[in-house]
Structures are given as C-alpha cells and as structure tokens.
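One structure is given here, and the rest of the page talks about it.
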Amino acid sequence: MAEETEDRGSWLAKTSESLKAKKKRELPNGLWVKCDECQEFIYQKELERTYWICRKCGYHFRISAKGYIDLLSDSGSFQEHFSEIISCDPLKFRDSKKYVDRLKQAREKTGLKESITTGRSRVGGHPVGLGAMDFAFLGGSLASAVGEKITLLIELCIDYGMPLVIVCSSGGARMQEGILSLMQMAKVSSSLAALAQKRLPYVSILTNPTTAGVSASYASLGDIIIAEPGALVGFAGPRVIEQTINQELPPGFQRSEFALEHGMVDMIVTRGELRSTLIRILDFFQKTTRLWERDAASQV
Amino acid sequence: MATDSTWLDFEKPIIELERRMQDLKDFGSKESIEFSAELKRLEHRLAKLKEEIYSGLSSWQKVQLARHPRRPYTLDYVESICSYFVELHGDRTFRDDKAVIGGLAEIEGRPIMVIGQQKGRNTKENLYRNFGMPHPEGYRKALRLMHVAVKFNCPIVSFIDTPGAFPGVGAEERGQSEAIARNLREMATVPVPFVVAVIGEGGSGGALAMAVGDAILMMENAIYSVITPEGCAAILWRDRARAPQAAEALRLTATDLHELGVVDELVPEPLGGAHRDVTSAAATLKEALLRWLDDLSRLSTEELLSRRAAKYRAMGVFERG
C-alpha cells in the first residue's frame with residue numbers, strides 16, 4: 001500500500017501537466033470552465049488537479065488519449081508503437097466533404113494520426129499493451145487503420161506475454177470506410193480470441209461514450225470491464241431507440257450505472273481511482289499466472 | 001399474398017408488359033385467335049426493356065431489390081435447398097427470438113446446422129418476426145446452435161437478412177453489445193466449416209454477429225453495409241432523402257464487396273432478382289453452398305481455423321505513413 005501511495009503521488013503531480021482536455025467550453029480568458037452536466041463554473045487549474053472531474057456533480061469531462069496514457073502509465077514508461085499505420089480512403093468516400101479532407105482536418109485539430117494511440121507501457125511495474133482511443137479524432141471511430149493497430153497491439157501482447165488494456169471512447173465504426181470498418185469488429189474480436197487462448201488478461205475501460213461497433217466488439221470482451229461514472233455505454237444510440245419505440249427513455253438509460261445494474265460491466269471506477277484499480281487487477285492476474293506456472297512445473 | 005403495391009417503381013413497366021402479354025395469351029386461347037406475331041413483338045420489347053432496366057441498376061435500386069417484399073427469405077431458401085429441416089428454438093436463457101431461426105437440416109443427404117435471420121412477408125408476420133431485427137437472445141440462440149453443431153462435428157450455414165440488431169430498451173438491458181461481441185469472438189474459433197450466405201440485407205453489426213465464417217457468399221442483389229443508407233444520409237448529409245447518394249458512397253452492393261475482397265463469391269440471381277424465380281435462385285445458391293462445404297470439409301481443423309484467422313486478419317485497407 002505504501003508503495004502504491006508513493007507511486008500515486010508521483011503521477012498526481014505530472015497529470016496536471018498532461019491531462020489536456022478539449023477546451024470546447026472554456027471561457028475566453030482560459031481560466032474557468034463550465035461543467036456540461038451541472039453548469040457550474042470551475043477554475044481550470046482546479047479541474048487539472050482533479051483529473052477533469054467536476055467537484056460539484058462528479059461529471060467526468062472528456063479527456064484525450066494522451067491524458068489516459070499518462071494517467072494509467074508509470075511515469076515515462078509509455079512507448080508508442082504502430083503510429084505508422086494510418087487511414088487512407090479505400091472507397092473514395094465523399095459526403096458533404098471528402099473523407100481525405102475530414103482525415104486531414106482531424107489530424108490538424110488533434111495532433112493525432114489516428115483515433116487510437118497504441119504502445120507498450122508499464123502500469124504499477126507490469127508491462128502491458130496499452131491502447132487509448134480519442135473521441136476528438138472523428139468521434140473515436142473504428143476504421144481499417146484502427147483495427148490494424150489494435151490487432152498489432154494484441155499480437156505484441158501475445159509475443160511478450162503481456163496483458164492488454166484498452167481505453168474505449170467511440171461512437172462506433174467509421175462510415176467512410178463502409179464495410180471495411182464493419183469488418184474490423186470481426187478482425188479485432190478474432191485477435192482477442194487468440195489472446196484469450198494464450199490466457200493473457202484483457203482489461204477494457206469504457207469512457208464516455210462507448211457505443212455501437214466498438215461497444216459490440218472489443219469494448220465488451222474484456223475479462224474485466226471497467227466503466228467511468230456516467231459514461232454513455234450501449235449498442236444503439238439513444239436517439240435511434242427513442243425514434244424506434246416512439247417514447248421517451250428513462251433517466252440514466254445506457255449510462256454506466258445502468259450497465260452495471262444490468263450486468264454489463266464489472267465496476268464503475270472514478271478517474272482518480274482508475275490507475276490504482278488497474279494495478280490491483282494486474283497484480284492479481286500476475287499471481288494467477290505464476291501459480292499456474294508453478295503448478296505445471298511441479299507436475300513434471 | 002403480396003399485392004400490386006409490392007412491386008418497385010422501376011419494375012412496374014416490366015410487370016405491366018408481362019401482364020398485357022398474359023392477357024393477350026388468355027384472350028387468344030379463349031377466343032381461338034392467333035396473336036403470335038403480336039406476342040413475338042411484345043416478347044422482343046420485354047427482353048429489351050429488361051435489359052435496359054436491369055443492366056444499369058443503381059446502388060439504391062439494389063437496396064430496394066435487397067429489401068423487396070417479394071424477395072425470398074431465409075426459410076424460403078431452407079425449404080428449397082434442404083431436404084430436411086427441424087427447427088430448434090430458444091436461447092435457454094430468456095426467450096425464443098423469432099427474428100432468428102435455426103435448426104437441423106440436410107443438404108443432398110448431408111447434415112448441416114442452419115441459422116439465419118428471418119423477415120416477415122406482411123405486417124402480421126413482420127410483427128411476429130420483429131422485421132427480422134434480432135434481440136440479444138436471437139444471437140444467443142444462434143451461438144447455442146453453433147455449439148451444438150461443433151459438438152457433433154456438423155458444418156454451419158448462416159443466412160443473413162436483417163435491417164440490423166433491434167434498437168430497443170429491452171435489447172440494451174439484456175446486452176445487445178455483449179451478445180454481438182461474444183458471437184464475433186466465438187465464431188473466430190468454431191472448429192467446423194462455416195459458410196455464410198448474404199441473401200438480402202446485411203445490416204451492420206446485427207448481420208455480422210452471425211456472419212464470421214470461412215466463406216461469405218452474397219446474392220447478386222443483396223447488400224451488406226456498416227450502416228443503412230438512410231442512417232448514413234441522416235448523419236453525414238443531415239438529410240435522410242440523400243439515401244440514394246449514401247448508398248452509392250457506401251459501396252454496399254455484392255459487386256462492391258466482391259471487389260473489396262470481403263465477399264468470396266458473388267451468386268448470380270435470375271434476371272430481375274431472386275423473387276422473379278425463387279426456384280432457380282435457390283438452385284444456384286445450393287450449388288455454391290455445396291461446393292464450399294465440400295472444399296472446406298477437406299481441410300483439417302487446424303487448417304480451417306488458421307485459414308479463417310488469416311482471412312479476418314487481412315481485412316482492411318490502410319497506409320504506412
């Protein structure tokens with residue numbers, strides 16, 4: 001426990017630097033931010049200290065992929081892999097805008113190359129394969145490059161015998177790559193079957209929102225599924241459901257708490273507790289792995 | 001039965017001409033008048049009209065054909081293709097989902113496990129079948145039957161025809177996402193030959209949840225898409241009326257999917273679509289199914305599974321930048 005406290009202390013300091021959330025609702029002077037949920041004005045410096053959680057209502061502001069990587073990883077341990085895998089435009093898709101232009105814009109806006117960042121990291125000393133999605137990049141959508149990066153990450157975990165951790169934040173499959181995006185659900189799920197056969201743990205962390213194609217594939221396949229409080233978690237979008245059944249949805253429908261109540265997630269963990277919770281889970285799985293090895297050795 | 005209103009607008013000139021020819025024939029035989037010259041002329045016109053209409057179908061017209069109220073559905077194909085079918089029911093957990101059917105079947109004397117999504121032909125049937133939109137228990141029923149198939153080393157044939165997984169409160173409460181995700185993962189390692197036939201509408205994750213097989217066959221006028229053209233138009237164009245444009249952009253026709261490498265075989269339909277000659281459409285599909293089942297049955301389980309893993313591993317188009 002002492003170790004953990006010390007450890008937490010060290011990353012607490014650095015998170016204030018690195019947890020750069022989207023600044024959408026920031027006031028002009030950049031000092032105050034309005035809470036999306038309770039409309040309270042909060043001093044930005046304070047939000048940075050509290051992992052972008054509203055002190056009044058507990059609302060979790062959306063944070064970036066980098067924010068989660070820094071939040072979860074041991075200081076300086078994350079090494080990005082597979083950043084060379086990027087989206088192209090296989091369908092020559094064009095709606096009101098060209099897909100290639102949307103990609104270019106998303107890259108400029110976020111400074112990211114794709115909606116997921118993947119790599120090797122350490123969490124409480126445990127080596128892990130870590131992926132974090134970023135909603136700011138085309139709604140965190142799942143496309144060919146995203147599926148490929150996750151698959152490569154899973155293969156990396158298999159090669160090194162590491163657990164897999166994915167932070168999900170996505171509205172689903174990317175329409176601009178049509179059927180190829182849909183097939184990524186099958187591709188990643190198939191790779192997860194291979195990971196499961198190696199008995200390597202997979203922890204899935206659901207943040208706001210995790211819906212549609214991502215929810216109906218790897219987000220729901222964790223050995224352990226953790227959700228942040230109040231996150232929208234579900235298959236169909238609430239508006240689609242409302243239109244289909246032609247009635248208003250009950251309050252709290254498809255939020256993390258609803259998902260927990262209906263048995264879809266293991267636990268709800270506030271952002272401040274995510275890292276320590278993840279470390280406890282990884283500790284446990286490492287012990288089970290060791291015990292399996294020891295038992296196997298004693299039987300020879 | 002289906003009424004006149006169930007013909008599509010672009011089919012109507014053909015249907016009308018066919019009807020005129022039929023009337024002429026009936027009248028001729030009743031009154032013993034010879035109309036052969038006139039009939040021959042009309043026959044020629046009909047052939048030309050069909051050629052004109054069907055050779056240049058747009059993606060949107062194919063969407064309409066895929067959703068045609070007269071189109072053969074899963075049970076129509078099963079009846080036509082299989083010499084034996086015993087339907088099995090229920091997910092053993094919550095209830096029997098009527099949007100998904102499955103059971104023990106025989107094709108040319110050989111046992112297969114059939115699963116498929118089932119639409120209804122009229123309002124009453126559609127209410128019963130929930131318009132072919134499965135709840136989680138439908139996917140769980142399909143998975144249960146896959147497990148039975150595995151236990152008895154029986155190949156699986158899955159018929160795909162759904163607008164999508166049902167978006168509803170109960171579906172969410174009972175884990176629509178989990179049901180689909182679990183099927184995706186389980187299908188990757190089902191150790192028996194698994195052939196998928198997309199016969200009508202392949203509606204996104206709701207279709208995929210029963211479609212991760214060794215071979216994906218697709219009927220010529222079927223569609224398979226990440227989202228409905230209407231849904232895509234509503235989001236990207238902010239206008240559902242732009243669905244025809246979205247259908248084009250999404251590349252959702254059988255030809256498109258074959259070109260993109262997602263579909264292994266394009267199964268030709270009778271001119272005008274499977275509904276114009278169900279027997280012949282089913283016979284063509286049966287031939288293709290048998291061929292794939294034969295080929296896949298020759299593989300060892302390891303070969304089968306590594307081939308399947310490689311197939312899905314290779315899905316997607318991206319760059320290395």
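What follows is calculated from the coordinates using simple rules that are stated; it is not laboratory data. Since the structure is predicted, the reported quantities are computational estimates derived from the model, not experimental observations. Ideal geometry is used to build each Cβ from the backbone, glycine not excepted, and the neighbour counts take in all protein chains shown.
Structure data summary
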{"quantity": "In nm, spacing of pseudo-spin labels at B:Glu16 and A:Val240 (7 Å Cα→C-beta vector)", "calculated": "3.9 nm"}
{"quantity": "Computed lengthening from B:Ile53 to B:Glu106, 0.36 nm per intervening residue step minus Cα-Cα distance", "calculated": "15.3 nm"}
{"quantity": "Where Rh is the Kirkwood radius over Cα pairs, Rg/Rh for the stretch B:63-313", "calculated": "0.94"}
{"quantity": "In Å, descending, principal axis extents of the Cα set of the stretch A:145-232", "calculated": "32, 32, 15"}
{"quantity": "Peptide A:84-91 - average C-beta neighbours from other chains (10 Å radius)", "calculated": "5"}
{"quantity": "Listed peptides A:218-230, B:109-121 by packing density, highest first (mean Cβ within 10 Å)", "calculated": "A:218-230, B:109-121"}
{"quantity": "For A:169-177, mean number of other protein chain Cβ atoms within 10 Å", "calculated": "4"}
{"quantity": "At least 20 Å along the helix axis (C-alpha) and Kyte average at least -1.0, DSSP helices within chain A", "calculated": "A:144-160, A:178-197, A:271-299"}
{"quantity": "10 Å Cβ neighbours from other chains, averaged over peptide B:304-315", "calculated": "4"}
{"quantity": "B:Glu265 paired with B:Leu24, simple spin-label distance in nm, labels 7 Å along Cα-to-beta-carbon", "calculated": "4.0 nm"}
{"quantity": "Whole-Hz couplings from phi, Karplus 6.51/-1.76/1.60, listed for the stretch B:85-97; x for Gly and Pro", "calculated": "8, 10, 6, 10, 10, x, 9, 6, 10, 10, 5, 9, 8"}
{"quantity": "Estimated vicinal HN-Hα couplings, Hz - the stretch A:246-252 in sequence order (Karplus 6.51, -1.76, 1.60; Gly, Pro = x)", "calculated": "6, 8, 6, 7, x, x, x"}
{"quantity": "Descending semi-axes in Å of the stretch A:233-286, equivalent ellipsoid built from Cα gyration tensor", "calculated": "32, 10, 9"}
{"quantity": "Cα-Cα separations in chain A greater than 29 Å, expressed as whole percent", "calculated": "36 percent"}
{"quantity": "Coordinate range along principal axes, alpha carbons of the stretch B:8-56, Å, largest first", "calculated": "39, 20, 7"}
{"quantity": "Directionally averaged shadow of the stretch A:28-71, computed from the convex hull of its alpha-carbon atoms, nm²", "calculated": "3.2 nm²"}
{"quantity": "Degrees separating the helix B:136-151 axis from the principal Cα axis of chain B, which is the longest one", "calculated": "70 degrees"}
{"quantity": "From phi via Karplus (6.51, -1.76, 1.60), per-residue ³J(HN,Hα) for the stretch B:273-284 in Hz, x at Gly/Pro", "calculated": "x, 4, 6, 7, 7, 4, 4, 6, 4, 5, 5, 5"}
{"quantity": "Helix B:12-31 vs. chain B, principal-axis angle (Cα, 0 to 90°, nearest 10)", "calculated": "50 degrees"}
{"quantity": "Å³ per residue enclosed by the Cα convex hull of the protein assembly as shown", "calculated": "172 Å³"}
